[in-house]
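Trainee: Questions regarding the structure given below will be posed in turn.
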Amino acid sequence: MIGNLSGKVAVVTGSARGLGKEMALTLAGNGADIVVNDIIDMKATAAEVKKLGRKAITVKADVTRKSDVEKLFDTAISSLGKVDILVNNAGVTRHAKLFDLTEEDWDIVMAVNLKSSFLCTQAAARHMKERKYGRIINISSVSPLSSKTHGGANYQCAKMGVVQLTRVTARELGPYNITVNSVAPGFVVTEMTGARRTKEQVDKVAAENVASTPMGRLGTPQDIANAILFFASDEASFVTGQLIAVDGGWS
């Protein structure tokens with residue numbers, strides 16, 4: 001069966017809700033035990049994973065802090081024995097145009113979207129290297145891949161940094177049978193897309209995206225999770241250093 005993850009353990013950062021939750025449930029639905037990570041309540045995701053017949057543990061950790069990341073992976077390994085799959089999904093937006101962008105908003109977006117991916121990749125890879133097996137999937141965005149986007153330099157720079165982190169670490173970790181790939185989602189309506197936007201603003205952005213997407217619709221969390229499942233699977237064992245845009249052709 002394509003995407004069979006039986007016996008695998010996956011860490012999904014930022015998986016209390018939104019895209020991360022769907023990723024965790026999709027991996028679990030295909031056989032993986034899940035380490036649910038976030039800084040908010042994770043009980044709902046863990047409960048749904050268990051309903052699918054898989055093990056789930058929750059680890060509250062701020063993945064922008066090295067000490068918290070070490071706790072995350074130490075707990076994962078001590079509780080479930082190993083880590084086969086890492087999905088660096090934790091993200092945040094602080095959208096603003098150049099003259100309105102604050103230093104604080106620059107720093108937090110860089111930390112949550114890029115620094116966390118580095119810290120978690122480093123921690124996971126140390127463990128995966130010993131076992132000569134690993135799948136690391138980084139979540140980027142289609143925003144920096146197109147000239148259609150305006151503003152949000154912090155987010156776009158962070159997400160482009162994720163792409164380059166993917167390429168560099170794929171080359172370094174390939175000799176240890178660890179693949180590193182990146183998924184760039186198109187516009188998907190989640191709790192994060194509504195942050196600092198009114199419903200009217202979200203609806204306007206959504207309509208604009210539908211109008212400029214060849215497939216004529218928005219993406220869904222499941223669309224994104226399906227790409228994660230492929231990269232996590234043994235069917236993608238010879239695919240590394242790649243970026244796939246899941247955006248209906250928008251970019």
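Trainee: List pairs: first in the range 121-132 and touching a residue at least 24 places away in the same chain (Cβ under 8 Å) and on the phi > 0 side of the Ramachandran plot, second surrounded by fewer than 16 Cβ atoms within 10 Å (Cβ to Cβ) and of a type outside the set (S, T, N, Q), Cβ under 8 Å, 6+ apart or cross-chain?
Mentor: LYS132/TYR176
Trainee: Among what's in the range 194-230 and is at pLDDT below 95 and of a type in the set (Gly, Ala, Ser), pick the residue that is surrounded by the most Cβ atoms within 10 Å (Cβ to Cβ).
Mentor: GLY219
Trainee: Taking the options GLY7, GLY3, GLY14, name whichever one is small (Gly, Ala, Ser), touching a residue at least 24 places away in the same chain (Cβ under 8 Å), touching a strand residue (DSSP E or B) at 6+ places or on another chain (Cβ under 9 Å) and surrounded by fewer than 22 Cβ atoms within 10 Å (Cβ to Cβ).
Mentor: Every option except GLY7 fails the conditions.
Trainee: Does THR75 qualify as being in a helix (DSSP H, G or I), within 18 Å of ILE228 (Cα to Cα), touching a strand residue (DSSP E or B) at 6+ places or on another chain (Cβ under 8 Å) and among the β-branched types (Val, Ile, Thr)?
Mentor: On the way: in a helix (DSSP H, G or I): yes; within 18 Å of ILE228 (Cα to Cα): no; touching a strand residue (DSSP E or B) at 6+ places or on another chain (Cβ under 8 Å): yes; among the β-branched types (Val, Ile, Thr): yes.
Spelling it out, it is not the case that THR75 is in a helix (DSSP H, G or I), within 18 Å of ILE228 (Cα to Cα), touching a strand residue (DSSP E or B) at 6+ places or on another chain (Cβ under 8 Å) and among the β-branched types (Val, Ile, Thr).
Trainee: Restricting to the range 217-248, name every residue that is of a type in the set (S, T, N, Q) and within 23 Å of LEU173 (Cβ to Cβ).
Mentor: Answer for the range 217-248, where residues must be of a type in the set (S, T, N, Q) and within 23 Å of LEU173 (Cβ to Cβ): SER233, SER237, THR240, GLN242.
Trainee: Further question: Among the residues of the range 26-57, write down those that are crowded, with 17+ Cβ neighbours inside 10 Å, under 16 Å from ALA90 (Cα atoms) and of a type outside the set (Ser, Thr, Tyr).
Mentor: Within the range 26-57, ILE34, VAL35, VAL36, ASN37, ASP38, MET42 meet the criteria.
Trainee: Would you please list the contacts, defined by Cβ atoms under 7 Å and residues six or more apart or on different chains, that run from a residue in the range 50-61 that is among the basic types (Lys, Arg) to a residue that is in a helix (DSSP H, G or I)?
Mentor: ARG54/ALA28; LYS55/LEU80
Trainee: Let me ask something additional. Taking GLY216 and the conditions (1) at negative phi; (2) in contact (Cβ under 8 Å) with a residue 24 or more places away in the chain, which numbered condition does it fall short on, given that it satisfies the others?
Mentor: Only one criterion is unmet by GLY216, namely (1).
The values are calculated or read from the model by the stated rules, or taken from the named source; none is laboratory data. None of these values were measured; they are calculated from a predicted model. Neighbour counts are summed over all protein chains in view; Cβ atoms, including those assigned to glycine, are modelled from backbone coordinates with ideal geometry.
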